């Protein structure tokens, strides 16, 4: 286990190094840097002034030097300056993280609380009308773009309550925050819920065919005890993995849902930064997303052994 | 040892699988949801190909007098804020969705197949290096990867296709590599080597065709994903630019403000995206059952 952990940790660092290079290179090969964009907007080009701006932003240095100074800064918590607002990037990014983290947490909670029990029901009632309905609904959830679902929810609110639940001011109390974030969280979590439902169903179906389930039944255990105590406990491992992966990959849904609900989180900020070509922000935000994904993947791998005593990573 | 005569058994069950139509009818009866998915996709392809025959209005021509006109006998799905016919824009939008979907799928799969086949067949350090590269590319969610590519390439129809296809490469490379690893140990590969066939020819003529089944399953599942990513990119204003009538862009134009005033601008384009993705998901599930019975749901 020890050597596996070290190897896996080394791979994690290698992956992070690789993604940082890809992010850096992709944003450097973009047509036109910030100096070009500033001058495009102004409509004329003063070469001396342009050279000065490039020097100020460090864009005149060789690529490896620019990369090293970015990574060096990143390790010390210095993320550079936003080209657009001229403020330290960390001051732009940090206050937005808790907002996105809250929505992501609520979305996962929603997905697990709805998706897992429905998956169990779908498996237990296999090939009944209820099972078909749940399967079609979950497949529809996977087919709906999250931003469209968000717009439909807004439409529903307008129709039934006469209000539109989009973000205007920061919520003042815990209750207000819960109300404010739970609607977008449910929209983001709707897709994850469908994934969890489908995986729980197939995992449960496999477990329900095992001999020990028949033994439990023959010993007179009730249906609920068999389904939830014996079967679900053993079917839940791949589901836990998926929850971990979804935690890392929720960003895709958050990007569009934060835009629909006008939430000033990290995900919407990334889109705005791309529109403004504010590369220090784009670069750092995408790196930040990659770090979360890679660390969550690593943690899920490690949790595997802890959750299932049958799994042992050989030395 | 007795063997089962599958043709006789199927004929007894009322299936005529001798003609292609008979085979199709049999599969449709066996997998009704998959058949429904195929029909939805066929309708979308029909709309995309024959868009100019099944619409009356030009999807790009504006008319201030018809701004935000409600659905009527003349404009079935209403008009947008520039007075453009929503029905025509949705029908022509099928072209964009399918062009981006199939284009990026084709490009992504071709690159993925070449990388996966080379990696799996050659093994050794090439395989190790390629696998690390794939790990790296997979450490970003599909949409975020596509956003990074768009940020780099800039928004245009061609760049949207390239951006999405790059995001698709890792999964297809992984699937092809996994199949190739087991296939290269098979006796038919050894026989091909023994008769002096070149490595390249063995890889493409003998190994590649045997990796097609899982690849088809993956491709169908990914077609839906590409359409969703294109819609999301266009919705964010970073995908297919004007004047193309992209479904995602139609929703971005009509976003939150039209929720109150012109719900038809929100409902119909979203319904179009969801239907085509639902169709590919249904078909993908059925194809997985037919081609990859080990993963049967």
Exercise. Does region A:179-190 include one or more residues that are more than 24 Å from residue A:290 (Cβ to Cβ) and surrounded by fewer than 17 Cβ atoms within 10 Å (Cβ to Cβ)?
Worked result: yes
Exercise. In this structure, is residue A:305 more than 9 Å from chain B (Cβ to nearest Cβ), over 15 Å from residue B:150 (Cβ atoms), touching a residue at least 12 places away in the same chain (Cβ under 8 Å) and out of contact with any strand residue (DSSP E or B) (no Cβ under 9 Å at 6 or more places or on another chain)?
Worked result: yes
Exercise. Could you give every pair whose Cβ atoms fall below 8 Å, whose first residue belongs to region B:228-239 and is more than 7 Å from chain A (Cβ to nearest Cβ), and whose second residue is part of a loop (DSSP other than H, G, I, E, B) and buried (at least 24 other Cβ atoms within 10 Å of the Cβ), counting only separations of at least 6 or pairs across chains?
Worked result: B:230/B:239; B:230/B:240; B:230/B:246; B:233/B:239; B:233/B:240; B:234/B:240; B:234/B:246; B:239/B:246
Problem set entry | Candidate set: region A:19-45, residues that are at pLDDT below 75 and either farther than 17 Å from residue A:278 by Cβ or touching a strand residue (DSSP E or B) at 6+ places or on another chain (Cβ under 8 Å) (or both); chosen: the one farthest from the other protein chains (Cβ to nearest Cβ) | A:44
For this session: Tell me, yes or no, whether region B:135-143 has at least one residue that is outside any helix (DSSP H, G or I) and more than 10 Å from chain A (Cβ to nearest Cβ).
Result: no
For this session: Looking for whichever is under 16 Å from the mean Cα position of the chain (by Cα) and more than 7 Å from every other protein chain (Cβ to nearest Cβ) here; the options are A:281, A:291. Which one fits?
Result: A:291
Exercise. Looking at region B:271-282, is at least one residue away from chain A (no Cβ under 12 Å), over 23 Å from residue B:168 (Cβ atoms) and without any contact (Cβ under 8 Å) to a residue 40 or more places away in the chain?
Worked result: no
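Results for (1) under 18 Å from the mean Cα position of the chain (by Cα); (2) under 27 Å from residue A:297 (Cβ atoms), shown as yes or no for each residue.
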| site | (1), (2) |
| --- | --- |
| A:233 | no, yes |
| A:240 | yes, yes |
| A:251 | yes, yes |
| A:260 | yes, no |
| A:267 | yes, yes |
Exercise. Going by the conditions given, is residue B:128 surrounded by fewer than 21 Cβ atoms within 10 Å (Cβ to Cβ) and in contact with a helix residue (DSSP H, G or I) (Cβ under 8 Å, 6 or more places away or on another chain)?
Worked result: no
Seminar exercise, completed: region B:7-79: helices (runs of 4 or more DSSP H) wholly inside it with 2 or more residues that are exposed (fewer than 14 other Cβ atoms within 10 Å of the Cβ) and within 20 Å of the chain's Cα centre (by Cα) are B:32-49
Problem set entry | Among the residues listed as B:171, B:97, the single one being touching a residue at least 60 places away in the same chain (Cβ under 8 Å), within 14 Å of chain A (Cβ to nearest Cβ) and under 15 Å from the mean Cα position of the chain (by Cα) | B:97
Exercise. Under the condition of being loosely packed, with under 14 Cβ neighbours inside 10 Å and part of a helix (DSSP H, G or I), which residue from region A:1-13 is modelled with the lowest pLDDT?
Worked result: A:2
Exercise. Here are A:237, A:232, A:195, A:254: which of them is within 14 Å of another protein chain (Cβ to nearest Cβ), out of contact with any strand residue (DSSP E or B) (no Cβ under 6 Å at 6 or more places or on another chain), farther than 22 Å from residue B:147 by Cα and touching a residue at least 60 places away in the same chain (Cβ under 8 Å)?
Worked result: A:195
Seminar exercise, completed: The condition of being more than 12 Å from chain A (Cβ to nearest Cβ), closer than 28 Å to residue A:250 by Cβ, buried (at least 23 other Cβ atoms within 10 Å of the Cβ) and in contact with a helix residue (DSSP H, G or I) (Cβ under 9 Å, 6 or more places away or on another chain) holds, among B:120, B:112, only for B:112
Problem set entry | Filter result for residue A:245 (more than 7 Å from chain B (Cβ to nearest Cβ) and surrounded by fewer than 21 Cβ atoms within 10 Å (Cβ to Cβ)) | yes
Exercise. Among (1) without any contact (Cβ under 8 Å) to a residue 12 or more places away in the chain; (2) under 19 Å from the mean Cα position of the chain (by Cα), where does residue A:172 come up short?
Worked result: (2)
Problem set entry | Residue count, region A:137-156 (criterion: without any contact (Cβ under 8 Å) to a residue 12 or more places away in the chain and more than 8 Å from chain B (Cβ to nearest Cβ)) | 1
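The values are calculated or read from the model by the stated rules, or taken from the named source; none is laboratory data. Computed from a prediction, not measured in an experiment: that's the story for all the values here. Methodologically, a virtual Cβ is constructed for each residue, glycine included, from the backbone with ideal geometry; neighbour enumeration extends over all protein chains shown.
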